[in-house]
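Before any comments, here is the structure.
The values are calculated or read from the model by the stated rules, or taken from the named source; none is laboratory data. The model shown is predicted, which means the values in this text are computed figures rather than measured ones. Counting neighbours? That spans all protein chains shown, and the Cβs are built from the backbone with ideal geometry, glycine included. Heavy atoms of the whole protein, side chains included, go into the accessibility calculation; ligands, DNA and RNA do not. Shrake-Rupley method; radii C 1.70, N 1.55, O 1.52, S 1.80 Å.
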2 protein chains.
Amino acid sequence: MAVGLSEPQDILAVPGIRLSTTYAGIRKSAKDDLVLIEIAKGGRSSAVFTRNRFCAAPVLLARKHLEKKFPRFFLINAGNANAGTGDEGLKRAQLCCASVAAEAGCAVTEVLPFSTGVIGEHLPVEKIEKAIPQLLQKLNAGSWMQAALGIMTTDTVAKAVSRKLKIGESEIVITGIAKGAGMICPDMATMLSFIATDAEIPLPMLDKLHKQAVQQSFNAITIDGDTSTNDACLLVATGSSRIALDTLNKSQREQFVQALSEVYRLLAQAIVRDAEGATKFVTVRVQGGNSKNDCRKIAYAVAHSPLVKTALYASDANWGRILAAAGRAGVELQPAKVSLSVNGVMIFNKGIKSPEYTEEQGARAMAASEIEITINLGYGSTAYTVWTSDLSHDYVSINADYRS
Amino acid sequence: MAVGLSEPQDILAVPGIRLSTTYAGIRKSAKDDLVLIEIAKGGRSSAVFTRNRFCAAPVLLARKHLEKKFPRFFLINAGNANAGTGDEGLKRAQLCCASVAAEAGCAVTEVLPFSTGVIGEHLPVEKIEKAIPQLLQKLNAGSWMQAALGIMTTDTVAKAVSRKLKIGESEIVITGIAKGAGMICPDMATMLSFIATDAEIPLPMLDKLHKQAVQQSFNAITIDGDTSTNDACLLVATGSSRIALDTLNKSQREQFVQALSEVYRLLAQAIVRDAEGATKFVTVRVQGGNSKNDCRKIAYAVAHSPLVKTALYASDANWGRILAAAGRAGVELQPAKVSLSVNGVMIFNKGIKSPEYTEEQGARAMAASEIEITINLGYGSTAYTVWTSDLSHDYVSINADYRS
């Protein structure tokens with residue numbers, strides 16, 4: 001039931017990246033649940049992980065491995081989060097990495113593990129070990145879509161985006177995949193995303209680009225305020241194009257950054273569009289604030305409010321709930337300066353209901369499947385935008401039934 | 001559908017308080033929607049109001065009036081919140097107070113207005129003015145239950161609690177009523193509560209008792225994290241018993257404080273038990289922390305998590321969601337020290353799933369309608385308890401349909 005989201009088209013191979021997928025039997029339904037991504041020698045990777053204090057074993061191990069070596073392999077499984085599993089969980093993640101390393105002839109620290117699925121169950125290491133030789137054999141440049149499908153959990157649509165840039169006579173490709181349809185909140189919620197480019201980018205610059213892009217995409221979405229134990233977002237620069245980003249001119253670099261940001265933003269928005277039970281895609285824009293942080297707090301208070309989200313689901317222009325949510329964000333407001341519009345319809349204008357506003361206008365605006373809520377605080381010039389979804393019966397059904 | 005909550009029994013009159021109710025036609029359904037409470041001369045009132053920045057006109061006015069005089073009347077309407085109504089809203093609240101003052105022969109500042117209902121609609125002042133003479137005539141000491149019914153909105157059960165204390169040869173009575181079944185969160189959410197005693201209590205002591213009791217009751221409940229524009233909790237000491245609290249001995253005073261706290265706690269819990277769509281009453285207790293504030297943050301993160309709440313609704317012992325919510329509360333944790341039990345069943349013990357734990361035990365524990373989640377952080381001695389409800393299909397239905 002994804003809102004305005006269709007199957008990805010024209011996903012491009014990224015020179016220097018090969019992928020393969022298989023069904024290892026980790027999840028019950030017989031869909032691919034194990035993905036291997038190979039990065040050509042010389043590639044550089046930047047990572048952002050969940051800040052959840054109960055972060056999972058694969059997150060702990062991936063962080064550790066990243067300190068030692070440039071990764072050559074990402075091993076990703078769906079169906080089991082390997083979280084809340086203590087030392088045994090760490091050992092099992094380690095065994096999976098060791099299995100890839102042994103078969104591929106690389107160091108164990110060159111393999112990063114990623115897991116998503118149910119928390120608190122032990123990872124079936126033997127099933128994974130058994131699948132590794134076949135995964136290594138099947139590696140190929142064209143399997144991005146299969147990988148996007150292999151990392152899905154409650155997602156209904158695979159998420160993948162590609163961009164190609166002409167740089168003089170040459171080309172740079174950017175392709176990313178992502179998963180995650182619930183438990184989405186800033187600070188890397190239940191989502192995994194792997195983005196790769198064949199540009200050559202030194203690590204410090206890669207880290208900076210990655211963090212900036214995450215901030216404006218995956219850290220600006222929320223579905224239910226919950227963040228997960230396992231989330232990770234990786235950006236890989238393989239360098240296979242032999243185009244070094246730091247040798248490009250300013251306009252070329254900007255062109256690259258813009259394309260990269262677009263890949264992140266479209267992947268992040270795809271997660272919200274495919275939110276559990278979502279019937280609306282909602283943009284909450286708070287502007288006219290004194291600080292970005294004030295605007296952010298208010299945007300999230302509105303985007304998290306179950307009362308706002310159920311009103312959105314019902315297409316009910318119950319704008320009082322939007323104001324009430326904004327009012328409890330812990331930010332000083334002057335109600336007499338605040339304005340609120342939904343899809344361009346001015347509802348509340350400087351402290352009172354807009355005289356021209358009619359319930360019919362509100363109902364029409366709220367009936368759309370893409371909703372833009374704009375709150376103008378009326379005293380400054382900063383702004384912040386958050387993307388979210390509504391709260392439907394299906395959200396409750398999906399999350400009440402997930403394990404059963 | 002209230003969880004473990006039945007109609008209040010044996011609600012006692014409080015000497016010095018008279019009440020009356022009527023249907024003034026503010027709400028559509030023909031149930032009482034206007035309540036007048038009269039406080040005998042000499043009574044003292046303490047108030048706590050919403051901290052929402054979009055607080056409603058009646059809140060602004062009641063605060064102002066409280067600075068001038070000791071209140072003689074509370075005028076409470078359901079069906080219209082008189083919030084988001086700007087200066088016109090203030091004027092209308094003022095007119096309602098003036099109408100009571102004129103008919104009763106008191107100062108307008110001796111009347112406090114309270115409103116609950118839909119935001120952004122203008123208060124029908126004429127309907128209210130018309131009902132005032134009749135309300136004044138009908139005032140009597142025995143109408144507490146009618147008042148509890150008259151302030152209800154989406155509540156399904158009236159909320160009222162009484163306690164009587166023997167002090168030597170005499171008696172002190174405490175009776176309170178409350179409303180509010182959604183939009184409940186700390187800092188005074190959509191709830192109104194009026195509590196009265198015939199003890200004689202000087203204002204500074206009354207304020208202190210009131211704030212303490214609110215902190216441990218109405219500010220320790222959450223249904224959906226939303227707070228409202230209108231909430232107010234009032235404690236009145238009429239003094240009609242001629243028993244002055246500050247002349248009692250220590251044990252008598254403690255007895256009073258305990259009874260008072262119990263009235264607050266039972267009213268607050270009644271609101272959660274009658275939460276919109278609730279099928280479970282959930283106590284989240286976080287202990288073993290380094291500070292009360294740490295425990296509080298974690299308790300609220302768990303109590304607000306839609307994923308935890310849907311799992312509770314489904315009676316699914318999906319304890320990974322509880323840990324994940326605890327882990328994102330922004331509090332430093334050492335997962336290896338943390339334990340989690342539900343209704344006495346130890347699920348997670350110092351960083352790993354308890355070896356004795358079985359899914360059957362978890363399912364049995366979660367099937368109860370009263371659930372106690374205990375999280376032990378394992379390093380300190382502070383604790384915090386929060387009460388909440390689950391998130392059901394009915395919550396979505398009620399809030400998607402409220403205005404239609």
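General remarks:
- Taking 0.36 nm per residue of separation and subtracting the Cα-Cα distance, full extension of the segment from A:K41 to A:K337 would add 100.8 nm.
- Restricting the calculation to Cα atoms, chain B shows an Rg/Rh of 1.00 when the hydrodynamic-style radius is the Kirkwood one.
- Each residue was assigned an accessible area with a 1.4 Å probe, and for A:H304 the value is about 60 Å².
- For the stretch B:277-335, the equivalent ellipsoid derived from the alpha-carbon gyration tensor has semi-axes of 21, 12, 9 Å in decreasing order.
- Just the protein heavy atoms count here, and of the accessible area of the stretch A:184-332 at 1.4 Å, carbon and sulfur take up 46 percent.
- Of the three principal axes defined by the Cα atoms of the stretch B:245-401, the extents in descending order read 56, 45, 28 Å.
- Inter-copy spacing of A:Q212 label points, which lie 7 Å from Cα along Cα→Cβ, given in nm from shortest upward: 5.6
- Protection proxy ranking for B:235-246, A:23-34, B:72-83, B:350-361, using the average of other Cβ atoms within 10 Å per residue and placing the highest first: B:72-83, B:235-246, A:23-34, B:350-361.
- Working note: 222 nm ellipticity from helices only, DSSP H runs with n ≥ 4, each -39,500 (n - 2.57), summed and divided by the residues of chain A, gives -10500 deg cm²/dmol to the nearest 500.
- Largest to smallest principal axis extent of the C-alpha atoms in the stretch A:88-145, angstrom: 34, 27, 18
- Alpha-carbon gyration tensor eigenvalues x 5, square-rooted, for the stretch B:223-319, Å: 35, 18, 13
- On the beta carbon distance between B:K350 and B:E103, with R0 = 60 Å, the FRET formula returns roughly 0.35.
- For A:E370, label point 7 Å along C-beta direction: distances to other copies, nm: 5.2
- For the stretch B:104-216, fraction of C-alpha pairs farther apart than 22 Å, in %: 49
- The mean number of partner chain beta-carbon atoms within 10 angstrom of a residue's beta-carbon across peptide A:83-94 is 3.
- Using a Förster distance of 30 Å, the FRET efficiency for B:K166-B:S29 (Cβ separation, nearest 0.05): 0.10
- Charge-dipole axis of the stretch A:1-50 as Lys and Arg at +1 and Asp and Glu at -1 on Cβ define it, positive-most pick from A:Q9, A:A30, A:A40: A:A40
- In sequence order, calculated HN-Hα J values of the stretch A:146-158 (Karplus, 6.51, -1.76, 1.60; Hz; x Gly/Pro): 4, 5, 4, 6, x, 9, 5, 10, 8, 4, 9, 10, 5
- Using a Förster distance of 51 Å, the FRET efficiency for B:S381-A:V257 (Cβ separation, nearest 0.05): 0.50
- Cα-Cα separations in the stretch B:67-169 greater than 21 Å, expressed as whole percent: 43
- Between this copy and the others, label points of A:G42 are 9.5 nm apart in ascending order, each placed 7 angstrom from Cα in the Cβ direction.
- Area of A:D274 that stays accessible when all protein chains are in place (1.4 Å probe, Å², to 10): 10
- Heavy-atom surface of the protein assembly as shown, accessible at 1.4 Å and reported per residue (Å²): 36
- Label reach from A:E372 (point 7 Å along Cα→C-beta): in the stretch A:267-285, amide nitrogens under 13 Å belong to A:282-285.
- Computed accessible area, B:F348, all protein chains, 1.4 angstrom probe, square angstrom: 0
- Under the Debye formula (equal points on every Cα, no solvent term), log10 I(q)/I(0) of the stretch B:33-76 at q = 0.29, 0.32 Å⁻¹: -1.19, -1.25
- Average beta-carbon neighbours from other chains, 10 Å sphere, peptide A:120-127: 2
- Rounded D (µm²/s) - the stretch A:1-74, Kirkwood Rh over Cα pairs, Stokes-Einstein at 37 °C, 0.692 mPa s: 212
- Averaged over A:346-353, number of beta-carbon atoms from partner chains that fall within 10 Å: 4
- The order of B:L5, A:L260, A:L149 by accessible area, most exposed first and with a 1.4 Å probe, is A:L149, B:L5, A:L260.
- Mean-position separation - Cα centroids, the stretch A:12-54 and the stretch A:210-280, in angstrom: 16
- Gyration tensor over alpha-carbon atoms, the stretch B:259-303, equivalent ellipsoid semi-axes in Å: 23, 16, 7
- All distinct Cα pairs of the stretch B:1-139 go into the 1/r average, and the inverse of that average, the Kirkwood radius, is 15.6 Å.
- For the protein assembly as shown, the fraction of alpha-carbon pairs lying more than 50 Å apart is 23 percent, rounded to a whole number.
- Directionally averaged shadow of the stretch B:55-110, computed from the convex hull of its alpha-carbon atoms, nm²: 3.7
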